[in-house]
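This report refers to the structure that appears directly beneath it.
Each value in this text was obtained by applying a stated rule to the coordinates, not by laboratory testing. This is a predicted model, so every value here is computed, not measured. Ideal geometry is used to build each Cβ from the backbone, glycine not excepted, and the neighbour counts take in all protein chains shown.
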Ligand SMILES: Nc1ncnc2c1ncn2[C@@H]1O[C@H](COP(=O)(O)OP(=O)(O)OP(=O)(O)O)[C@@H](O)[C@H]1O
Ligand SMILES: [Mg+2]
């Protein structure tokens, strides 16, 4: 097994360019502003937080100054009586400082949580305005990570990076001001050390963050490979891919181990360097400050004050570095978030679109041409009519455009050229939701939501009673099949309808489509998962149910097609023939050939 065989990496390769978007972006003012603007619905919290940050920035330097002042004054003078009021004042300020911290953290989290909630609401509302094509063009996993990961990162940017940076910067300024005031020359000496600390921090912080990202990614590849091997174990063993998969897995695990070691090496080097810096700085303080105190240019009290203040001045350097580094992650996330939010729907209902009046169900395609991707039409100049109540069967080889026709009829996509009408009304002039409310759908694979069977059926008509739901199953002649479930229609479905057989899921989908009493019914390969016996029962029930509704049926089984009022034969996106079964067989065209093939296959 050679490492270069690209097929073996199939399971773990990144598949779309969107995976290669940058993890971080430099701070750009326009983006920072737009991100901060997310907090504008909460002006009072924002103002209070800024005030708390300002308070916090001066409180610590003042505490340090107070301590030094006590040492210089009452302590040096050996006056215990004068000590008491200072200590009381100190204690009061400490309490105030901690109260500020409490409120600062609490409000920041409150604000962050509200921003997070608003962002998710906005994103969801925006996603729901997007037409189907938007979702086809994107990986669902990546949309989900926008909703979860990116929004979380932006929240962190607002809630932590922004406020902590403000406080730390303020604290630096506060400490610098007090030091300048007490002993400017000593401060200037210390200031010379700041760039060294900044440079060390900058060098390592970025690398450590990058290394831990690589490590995380490496880890998720290991989990993905493991999950694919386990979930696809039948394919793995069936195609004797055990060795290949084990090889891929082993390589990934090795890569992960290497990445973890690389991260730890960086961390291991960074911490001693920081400590060295701090110690060097103390030594410099003792040397310069001690010399000044010894020669009488500075007091011992000043020196004590400097030990505290200098720490307040230097510790923000590393902290701010970390915050800014994290902020670049938040920037990349914000950019991705806003980009989705700024993606206008490729099309939407015309502004003057009206709600669909109650339909009779006459459908017409007038010279319809359609392409999913520009320049690659999949329907060419398709025209047909269906009278109210007719059953229309769509037949044709795979990829011939059957599902596309029902998608256009449901206004999931607008036609590129030509018109689709219902009751003579151009679909371009009616709103999507009012149209679909009068339609019922059953697809090849039907998504069921978690909840009970009844909840799922109710998607077809919110507010339907249990009796009405049971009546729908009754009408389908399969009430007994549903009642044999552990809790009947109140049986809980786990994720995606697991816990029901494919056939049972399809029955639920049928009931969901019918409970709303639709005028137009779309059944796209709807009975494919139902066993032959159940299908036979369903056929009878469906024939009854389709009566009075215009129905579009895509089916591969001859029995369904034979009884249709109209058969549309598609060939590579063109309407090759249309008519009734007997006419088409007699005509001896494409349908007759398909039919011969069917009869041979179905025996
Ligand atoms: N979302 C899409 N994006 C791009 N092309 C698509 C998309 N959906 C379908 N197509 C293409 O459009 C053509 C018609 O597809 P359609 O799904 O209508 O076929 P179908 O007749 O329903 O086939 P099947 O019997 O396999 O369900 C196919 O060539 C297919 O590759
Ligand atoms: Mg199809």
Quick one: length gained pulling residue 250 to residue 91 fully straight, 0.36 nm per residue minus the C-alpha distance? 51.3 nm
Once you keep just the Cα pairs under 8 angstrom separated by 6 or more residues, what percentage relative contact order results for the chain? 15 percent
Just the C-alpha atoms of the stretch 363-602: what Rg/Rh do they give, with Rh taken as the Kirkwood radius? 0.98
Which percent, nearest 5, of DSSP beta bridges in the stretch 455-603 are antiparallel? 50 percent
Could you rank the peptides 23-31, 197-205, 216-224 by their average count of other C-beta atoms within 10 Å per residue, with the highest value first? 197-205, 216-224, 23-31
Report for the chain the percent antiparallel among DSSP-assigned beta bridges with both residues inside it, nearest 5. 50 percent
Label the chain by shape, choosing from rounded, prolate and oblate, from the square roots a ≥ b ≥ c of the eigenvalues of the Cα gyration tensor; if a/c is under 1.5 it is rounded, and otherwise prolate applies when a/b is larger than b/c, oblate when it is not. prolate
For helix 466-475, report the angle its Cα long axis makes with the longest principal axis of the Cα atoms of the chain; keep it between 0 and 90° and round to the nearest 10°. 40 degrees
For residue 185 and residue 273, FRET efficiency with R0 = 22 Å and r from the beta-carbon atoms, rounded to 0.05? 0.20
Quick check on the exposure proxy: order 121, 466, 455 from fewest to most C-beta atoms within 10 angstrom. 121, 466, 455
Stretch gain in nm, segment residue 601-residue 466, where the contour uses 0.36 nm per residue and the Cα spacing is subtracted: 44.4 nm
Give the order of 114, 356 when sorted by the count of other beta carbons within 10 angstrom, beginning with the fewest. 114, 356
Any idea how far apart residue 287 and residue 556 come out in nm if each label point goes 7 Å out from Cα toward Cβ? 8.4 nm
For each of 502, 124, 439, count neighbouring Cβ atoms within 10 Å of the residue's Cβ, then give the residues from fewest to most. 124, 502, 439
Output the Kirkwood hydrodynamic radius of the stretch 374-424, Cα pairs only, in Å rounded to one decimal. 12.3 Å
State, as an integer percentage, the relative contact order of the stretch 303-446 based on alpha-carbon contacts under 8 Å between residues 6 or more apart. 27 percent
Got the relative contact order for the stretch 444-603 handy, in percent, Cα pairs under 8 Å and 6 or more residues apart? 20 percent
Any idea how far the Cα center of the stretch 311-344 sits from the one of the stretch 173-213, in Å? 20 Å
If the chain between residue 132 and residue 81 were fully stretched, how many nm would it gain, using 0.36 nm times the residue separation less the Cα-Cα distance? 10.4 nm
